[in-house]
Amino acid sequence: MTEARAHFDEAQGALIASGAWHAEAAPALPGLGGKTVRVLDGAGITRLDTNGAWLLLAAARPQAGDPLPELRAFRPQHLAVLQLVAQHSAASAAQAAPRREGVLEVTGRGALAVGGHVVGLLDFIGRLSVELMALMGQPGRWRWREFGAQVSAVFVGAIPIVAGMLFLLGVVFAYLLGDQAQQYGANIFVVDGLLLAILREISPVIVAILVAGRTGAAITAQIGTMKITEEIDAIATLGLSPLAVLVIPRTIALLLAMPLLVFIGDIAGIAGGMLIAQEQLDISYHMFVDRLVDVILLKTLLVGLGKAPVFALFIALIACRMGLSVTRDARSVGANTTSTVVQSLVAIIILNAIFAVMFVKLEI
């Protein structure tokens with residue numbers, strides 16, 4: 001195989017190439033120093049592939065917008081390769097550079113995306129409501145086995161992480177509150193603040209966030225994978241409704257499991273606060289329990305437990321809808337799973353803020 005060679009003839013303004021031109025022939029190109037190449041001579045070229053053609057064209061035409069030099073004495077097959085590379089290079093150069101978006105454009109696109117999610121969720125709720133009404137008249141179509149499996153996965157599997165997280169949050173909250181209360185000799189009122197914070201806000205919100213990240217993401221991934229593997233199509237082919245088989249059991253399981261998990265979180269958070277009250281504030285377990293019995297109100301407990309089903313409903317609806325919205329590629333599963341977690345967290349924060357304002361207005 002002849003080694004690639006090239007030299008520049010200044011009299012003709014010609015770049016004369018010979019030998020075999022391929023990807024490793026780049027060192028053979030002469031330094032042109034900004035000289036204009038009017039002719040590209042390939043009479044001596046014995047072999048030319050697309051890499052070699054690109055090297056020669058790039059040397060003869062440094063800028064993609066420069067005119068193509070005269071192609072002289074090339075063999076027909078080599079000339080066809082050069083013209084093909086030149087054509088695709090011109091098409092690439094013709095592509096417009098990506099336009100930078102302004103703040104208003106980004107904001108508008110984000111608003112449209114949020115609006116699309118809201119409309120999609122409302123449509124999903126409507127279809128699910130119709131399916132649920134149909135199931136009410138046909139109890140035999142309820143998927144009790146699937147419901148039991150989902151309760152086990154949603155509730156039993158989440159107990160350790162919920163109890164552990166709320167116990168530690170109770171420890172942290174009692175420690176910080178007790179550090180301030182000690183300065184004013186108000187140690188015993190730490191129990192009041194701990195109960196109010198854990199029961200009304202911390203336990204329901206933290207449990208909802210944990211469930212959104214653990215169960216919501218798992219539901220989207222499961223349903224999305226089933227859609228990719230065409231299991232959902234198989235369910236529909238058998239004459240069954242994917243909503244009845246997949247969505248309703250998971251939704252009801254979450255509705256039942258969330259209040260129970262919040263209650264377990266309440267107990268764990270109070271236990272953590274009780275431990276710190278004993279160690280840091282010299283409040284014995286007996287004193288803590290006596291104060292707890294004196295100050296705890298049923299409405300305080302019910303407020304936190306009442307938030308749980310609402311959070312659970314939105315997590316289930318978002319997770320199931322995003323799972324059914326997966327397209328037939330693996331990348332979509334990851335994107336929709338991430339979207340489920342983000343949407344669920346935003347929904348939890350917004351709903352909790354609405355509850356806070358509503359309870360203040362109602363003096364609850």
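List of remarks:
- Normalised by residue number, the volume inside the convex hull of the Cα atoms of segment 232-298 is 98 Å³ per residue.
- Simple label model, 7 Å out from Cα along Cβ direction - Gln83 to Asp282, nm: 9.9 nm
- FRET efficiency for His7 and Arg331, using Cβ-Cβ distance with R0 set to 56 Å, rounded to 0.05: 0.65
- Cross-link partners for Lys299 among the aspartates and glutamates, with Cα-Cα distance under 16 Å and sequence neighbours closer than 8 places in the same chain left out: Asp192, Glu201, Asp266, Glu363.
- All aspartates and glutamates inside 18 Å of Lys227 as judged from Cα atoms, apart from same-chain residues fewer than 8 positions distant: Glu146, Asp329
- For segment 106-250, the normalised intensity computed at q = 0.13, 0.17, 0.22 Å⁻¹ comes to -0.83, -1.07, -1.33 (log10 of I(q)/I(0), Debye sum over alpha carbons, equal scatterers, no solvent).
- Residue with peak Gaussian network fluctuation, the chain [Cα springs, cutoff 10 Å], from Gly13, Gly140, Gly216: Gly13
- Taking one quarter of the surface of the convex hull spanned by the alpha-carbon atoms of segment 229-351 gives a direction-averaged projected area of 10.6 nm².
- Gap separating the Cα centres of segment 300-357 and segment 156-225, nearest whole Å: 18 Å
- Nearest-ten-degree value, helix 159-181 long axis tilted from longest Cα axis of the chain: 70 degrees
- Simple spin-label estimate for Met136 and Asp179 in nanometres, 7 Å along Cα-Cβ: 5.4 nm
- Calculated FRET efficiency for the pair Ala26/Leu362, C-beta based, R₀ 56 Å, to 0.05: 0.15
- Max mean-square fluctuation residue, GNM over the chain, Cα-Cα springs under 10 Å, options Ala111, Ala149, Ala59: Ala59
- Protection proxy ranking, peptides 289-295, 52-58, average beta carbon neighbours within 10 Å, highest first: 52-58, 289-295
- When the surface is traced with a 1.4 Å probe over the full set of protein chains, His286 keeps roughly 130 Å² accessible.
- For the chain, the fraction of alpha-carbon pairs in successive 10 Å shells from zero, as %: 5, 17, 17, 12, 11, 10, 10, 10, 6, 2, 0
The values are calculated or read from the model by the stated rules, or taken from the named source; none is laboratory data. Since the structure is predicted, the reported quantities are computational estimates derived from the model, not experimental observations. All Cβ positions, even for glycine, are placed from backbone atoms using ideal geometry, and neighbour counts span all protein chains on display. Surface accessibility is based on the protein's heavy atoms, side chains included, excluding ligands, DNA and RNA. Shrake-Rupley method; radii C 1.70, N 1.55, O 1.52, S 1.80 Å.
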